[in-house]
Amino acid sequence: MDLEHRKRKRIRIDDLVLDPDLVQVFRGEDQLDLPKLSYRLLLTLTEAAPRVLSQDEIMEAVWPGKIVSPETLTQRVKLLREALGDDAQTPRYISVVRGEGYRMLADVSHEDEVSEKGYEGDGGVLSELKRRRVLQAALVYAAVAWSITEVLSFFFDALPIFPQGSKAFAAILFVVGFPVAMFLAWRFDLGRDGLVRTKPSSKEGQLTIAFAFVLLVGATGGLFYLIYPKVVVTQPEEIIVESDGPADNSLVVLNFRLVSDTPDDEPLSQGLSDQLRAQLSRTRNINVAARVSSMAMTEQVGLTAFDIREKIRVRYIVDGTWNKGVDGAMISVELIDSAHGGSIWSNTYNSADTPLQTIQQDIGLSVVKEILPDVATLFDNPGSTTDVLSAYEFLHKGNYIFDQVKALQELDEELLNQAISNYRQATIGDPNYTLAHVRLADALLYGRRIDEARESILNALDIDDSLSDALSTQGLLYYTIGAIEEAKESYKKAIEQNQNDPDVRARYAYLIWHEGRIEDTGALFRRALNLDRASIVRYGDYGNFLGWSGHRAELQTLIEEIKSFAPVDIDVGATNPIPRYLLLARLYELSGQVDRGIAWALRAHEASPDEHLIASQAAELYAVLGDFDTALEYETLHGDDPGPGLLYFMRNYGALVDEAEFAMIDHPEDSKLRYLLAFGHHANGNHGEALRVLRQAGLPQKALRLREAQDMEALVTFADATHKAGDQVEAERYAEIIADFMQVHIDTGSKDWWPYAYQACAFALLGEDSERVLEKLESVQDSARIPWLPFLRDAPCFRSYTTDPRYNTVLRGLEARQRNILAQVRETVNDLNKTWE
């Protein structure tokens, strides 16, 4: 077929060209790499344009003869939009027609309507831009500007001679220089004859010059509009993320200490600290350490201002005392500059003369004026307040009790009901007290009383729909009931209202992690950590993310940070090092250094030899390396039988099934336990039983809705068991979803083993070429973490490869790697013991 004929058959979609003969899509000279199903979806919508296609019509055209769910179509539309650079909020190509289906929004020209000139664009704006090398010049300018900015940023950070705002000035300078560079690229060309002035290639080209220049200036103005708030307005927030030292706008509010022996006042003194912390958190230009870090610094006796500065990296410290008087409490407070340890502001209040709420507001205003004397508007949102003393007191008594509930390993219904009762009394005392309704909803959600929690959060939002606490709890409610997109929106709004809440950032990060938004996820986890540097939970969140995403270098840096800064678990006390030891053991395993992980687990065991769960973690790490004798020694140290996790690594699936079924009597809500049980049944050939267990755990809907890692792992077992049970169509449906999901993580650059192994299983279920399956299996060898051999050896989807030399080479290589690391364990433990001594 000649070129001219092919061009007549092409289809133009706005700035795209779809070539059915080549089965390709182009944007200019660039070919878009679309998967087969995405291309088929685009072609289907294009051929029907501008008509709306129902979901059934699309599914029949794209997946002929197969039964697929609307969720599969939604995900495929999402993937196609991402490939085309289409924004679902302001679509350019694909539009959803609510209740009806989808349609192609862009203009479509078919066959003879598209001339060769239409594709080449002679005399048009794009043609002129291309001919004059403006687009190339834009790319070169961007690359050079970026490189110079990086160099300048290094010097701005390293040398103290540059004034604050130098980075912002450099960024603005390069943005302003962009239209100048583009104008010069338009008017002049550097060729063999030197610098020459270019001319339009046609009369139509002459008419485009003014229009194109307006476009360049307009685009630059828009770029400046987008960049300016990032480099100027949010600069204070970025300081804490990038700087090793405390930012000048950072502070911690320590819990007010009781001077007199009045334990009944502890809920109120702690509540005053919490309310003050929340008030200051809503000031956009101040970075406030989170509650866990504040409590940890309060509990550690003898810390100086400099110690606090080094541990959680804050410039200012708000410290106070609460002394019970005859008529009220005497509250003394001071603001300390940790740079020199001196007090820069102090005051004393009497709650008999001034309501606690007013005292809290006055302290907050005074602190902000000292730190940010030039800020015109101190609080973007004053938060939830009340003038009713009883409501204020009931709220903080409820908080005090609810903290005790959350610190327990198992739910204490009686204690939780006491917290709920206090919160209800607060809402009765002041029905317009938004925070009381929010905290009531939090407690009800904790007790899984969904309907009551929904009513409480609706009451809160009816009073104030901009309070970050209310939006955060609304997000948690949506997440609990499976409304994931709504949960994301609530979390995003909560972050906009309060830049200093680490909990909501972590919750939002977990939701977007498995969409493949790795950069956004990492930034959210890191920001949450910077706000709560004393919290072992924040280090655990960020470390797990780095490990599962295969960011080995960043994970190693975090490990060294944990060893240096000694974060604490507030639930077991600031001086208890065991949670830190166990976290280091876990993170070393994720980084592939299992020998070091074992050393830290053994150190935790030595510190608490009677704790079964600690010995069990050491056992599991030995099991990862295939040393089952040592693993059993630690697992059964206290007379316990081997647990399901250890039995999984030992590949003793009969005992695994028995043990897991018995354990589920005490832990019916443990999803991980159910998933291990299902795999045990599946590996033993009881595929129907595996499906029954997984359906009881909420699969497949739960995995399709939440897309969390362990749920997607279980979906692999579900798809494989469905295939073995004889439902090929349904198995392929889930296998396609798994393959697409894993590809998202592979595309982010992850080198961890699980996306490749699970995608290989999905390809096998889809009947893909064995070469493709084996390539994915071979990729697991690049993982820093030790892959789980039970899955690779015993998942039924791989049983047709048991005699394949390449498959067996992978397994033998992983076993050799286990042996090599195991040989290093004794030496590593001895070396680290010498260091600790």
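The values are calculated or read from the model by the stated rules, or taken from the named source; none is laboratory data. In this text the structure is predicted, and so the values were computed from the model without any measurement. Virtual Cβ from ideal backbone geometry, glycine too; neighbours counted across all protein chains shown. Note: areas computed on protein heavy atoms with side chains; ligands, DNA, RNA excluded. Shrake-Rupley method; radii C 1.70, N 1.55, O 1.52, S 1.80 Å.
Taking amide H atoms as placed 1.01 Å from N in the peptide plane, the amide H of LEU32 lies under 5 Å from those of VAL25, PHE26, ARG27, each 5 or more residues away in sequence or on another chain. Backbone geometry of segment 686-694 corresponds, through the Karplus equation with coefficients 6.51, -1.76 and 1.60 at θ = phi - 60°, to 3J(HN,Hα) couplings of 8, 5, x, 5, 4, 5, 4, 5, 5 Hz, x marking Gly and Pro.
Of LYS406/LYS751; LYS36/LYS776; LYS488/LYS751; LYS311/LYS369; LYS406/LYS563; LYS493/LYS751, which sit over 30 Å apart, Cα to Cα? If you can, show how the numbers build up before the last one.
Values: LYS406/LYS751 36 Å; LYS36/LYS776 19 Å; LYS488/LYS751 27 Å; LYS311/LYS369 25 Å; LYS406/LYS563 27 Å; LYS493/LYS751 33 Å.
Result: LYS406/LYS751; LYS493/LYS751 exceed 30 Å.
The charge dipole of segment 304-452, taken about its Cα centre with unit charges on the Cβ atoms of Lys, Arg (+1), Asp and Glu (-1) only, comes to about 200 debye. Amide hydrogen proximity for SER535: with H placed 1.01 Å from N in the peptide plane, the residues at 5 or more positions away or on another chain lying under 5 Å are VAL568.
State the percentage of accessible surface on segment 643-743 attributable to carbon and sulfur atoms; use a 1.4 Å probe and exclude ligands, DNA and RNA. The partial results should precede the final answer.
Working: 1830 of 3890 Å².
Heavy-atom surface of segment 643-743 belonging to carbon and sulfur, 1.4 Å probe: 47 percent.
Sorting check: for 502-509, 30-37, which peptide has the highest mean count of neighbouring beta carbons within 10 Å, and how do the rest follow?
On the way: 502-509: 24.1, 30-37: 13.5.
Answer by packing, highest mean first, reads 502-509, 30-37.
Around the amide H of SER250, modelled in the peptide plane, lie the amide H atoms of ASN287, ARG315, TYR316, all under 5 Å away and 5 or more residues distant in sequence or on another chain. Counting only protein heavy atoms and a 1.4 Å probe, segment 745-802 has 33 square angstrom of accessible area per residue.
Each residue of segment 776-782 was assigned a 3J(HN,Hα) from its phi angle through the Karplus expression (A = 6.51, B = -1.76, C = 1.60, θ = phi - 60°), giving 5, 5, 5, 5, 5, 5, 7 Hz with x at Gly and Pro.
Highest average first, the peptides 471-479, 764-772 ordered by how many other beta carbon atoms sit within 10 Å of their residues are 471-479, 764-772. For segment 348-506, the fraction of 1.4 Å probe accessible surface lying on carbon and sulfur atoms is 45 percent.
With the highest mean first, a sort of the peptides 626-639, 667-680 on other beta-carbon atoms found within 10 angstrom per residue produces 667-680, 626-639. Taking all protein chains as they are arranged and a probe of 1.4 Å, the heavy atoms of TRP548 leave approximately 40 Å² accessible to solvent. Note that segment 734-740 has calculated 3J(HN,Hα) couplings of 6, 5, 4, 4, 4, 4, 5 Hz, one per residue in order, obtained from phi through the Karplus relation 6.51 cos²θ - 1.76 cosθ + 1.60 (θ = phi - 60°); glycine and proline are x.
Summed over the residues of segment 411-476 and divided among them, the accessible surface reaches 42 Å² per residue at a probe radius of 1.4 Å. To the nearest 10, the accessible area of ASP107 is 130 Å² with a 1.4 Å probe.
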